[in-house]
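Q: One structure coming up, written as structure tokens, with questions to follow.
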Amino acid sequence: MITEQGRILELLLSGAFICQISDEEAWRFLKTSGNSDKIETQLNVLNRTLASAAEGDVFFAAYQSLYDNERKQLGGQFQEISSQLMPLVEWLLLVQQANGSDVPVTQGTAIRLNELQTTIEDTPAFAEQLEKISRNRLFGSTSTQLDGQLKLVFNRLTQLGYVLKPNVEKQIFIATGKVEYLYDVLKFIDETEALSLTEQAENAVQQGSLL
């Protein structure tokens, strides 16, 4: 039987983002310094390091050192993330505006799909925005129905790890810590906008964050 330490190591190496929402047991394990040191030692053997975002509340594996192969993979990963930013940011803004809130979507934010759908249906501008988001390559919707577009977007966001659905019987989604990571990426790109994607990616690694 795999140990908790082994389970967490597998999660990190698979590219998972661990937070209190996505996996509270793993998150508590990593918040304990002795445990995180053990994970760090094991990751180092594989040229990885335990990185964090959102002031230490979200954990993921990043490269420890960069060589030619790592640079190539890192450049591809960062390019993929950058291409996803616009539809993800537009989605975050749509949810915030539809909820009539001044507070952005953050880790732990509950999104009630039925209420969100009703608001979007009653507001043509929101419906138009949703259609635009859903047709983006990230989501790839071909549906002409609002409910179909909305469900596809949230299914995809669940697959990507930005939200999870705690109860299969209820249409309620909870934002995970990966949303906080997204904000960190946006901040980092804004601060290094004069650099190329590859340079941005390498700087992110050197700072021990983001990738």
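The values are calculated or read from the model by the stated rules, or taken from the named source; none is laboratory data. Quick caveat, the model's predicted, so the values are computed rather than measured. We place every Cβ from the backbone using ideal geometry, glycine too, and count neighbours over all the protein chains shown. The accessibility values were calculated without ligands, DNA or RNA, using every heavy atom of the protein model including side chains. Shrake-Rupley method; radii C 1.70, N 1.55, O 1.52, S 1.80 Å.
Q: Looking at (1) at pLDDT below 95; (2) under 21 Å from the mean Cα position of the chain (by Cα), which one does TYR67 not meet, given that it meets all the others?
A: (2)
Q: Further question on the same structure: Are there any pairs, at least 6 apart or on different chains, whose C-beta atoms fall under 7 Å, with the first in segment 143-171 and outside the structural domain of VAL105 (by TED's automatic domain parsing) and the second in a helix (DSSP H, G or I) and surrounded by 13 or more Cβ atoms within 10 Å (Cβ to Cβ), and if so, which?
A: Listed pairs, sorted by first residue: none to list.
Q: Only one of GLN200, GLN149, GLN206 is touching a Ser or Thr at 6+ places or on another chain (Cβ under 8 Å) and modelled with pLDDT under 90. Can you tell me which?
A: Answer to the selection: GLN200.
Q: Quick check on segment 109-161: of everything there that is hydroxyl-bearing (Ser, Thr, Tyr) and under 17 Å from the mean Cα position of the chain (by Cα), which residue is farthest from LEU11 (Cα to Cα)?
A: THR109
Q: Answer with yes or no whether LEU182 is within 17 Å of GLN20 (Cβ to Cβ), open to solvent by less than 70 Å² (accessible area, probe 1.4 Å), in contact with a helix residue (DSSP H, G or I) (Cβ under 9 Å, 6 or more places away or on another chain) and at pLDDT below 95.
A: yes
Q: Would you pick out the residues in segment 21-35 that are buried (at least 18 other Cβ atoms within 10 Å of the Cβ) and either farther than 23 Å from TYR162 by Cβ or aromatic (Phe, Trp, Tyr) (or both)?
A: Selection gives TRP27, PHE29.
Q: Checking the condition farther than 25 Å from VAL163 by Cα and surrounded by 15 or more Cβ atoms within 10 Å (Cβ to Cβ), which residue from ILE18, ILE39 passes?
A: None of the others qualify; the one that does is ILE39.
Q: So which residues in segment 93-114 are part of a helix (DSSP H, G or I) and surrounded by 13 or more Cβ atoms within 10 Å (Cβ to Cβ)?
A: Matches in segment 93-114: LEU93, LEU94, VAL95, GLN96, GLN97, ALA98, LEU113.
Q: When the residues of segment 120-135 are narrowed to those that are in contact with an Asp or Glu (Cβ under 9 Å, 6 or more places away or on another chain) and of a type in the set (D, E, K, R), which ends up farthest from TRP91 (Cα to Cα)?
A: GLU121
Q: Failed condition for THR176, given (1) open to solvent by less than 30 Å² (accessible area, probe 1.4 Å); (2) out of contact with any strand residue (DSSP E or B) (no Cβ under 8 Å at 6 or more places or on another chain); (3) polar (S, T, N, Q); (4) under 21 Å from PRO104 (Cα atoms), with all others met?
A: Tallying (1) open to solvent by less than 30 Å² (accessible area, probe 1.4 Å); (2) out of contact with any strand residue (DSSP E or B) (no Cβ under 8 Å at 6 or more places or on another chain); (3) polar (S, T, N, Q); (4) under 21 Å from PRO104 (Cα atoms), THR176 fails exactly one: (2).
Q: OK, next. Any chance you could count how many residues in segment 26-57 are over 15 Å from ILE8 (Cα atoms) and part of a helix (DSSP H, G or I)?
A: Selection size over segment 26-57: 1.
Q: Residues to consider are GLN20, GLN73; find the one that is not in a helix (DSSP H, G or I), not acidic (Asp, Glu) and not assigned by TED's automatic domain parsing to the domain that holds GLU131.
A: It is GLN20.
Q: Within segment 150-182, can you find the residues that are in a helix (DSSP H, G or I), closer than 21 Å to GLN129 by Cα and of a type in the set (Ser, Thr, Tyr)?
A: THR158
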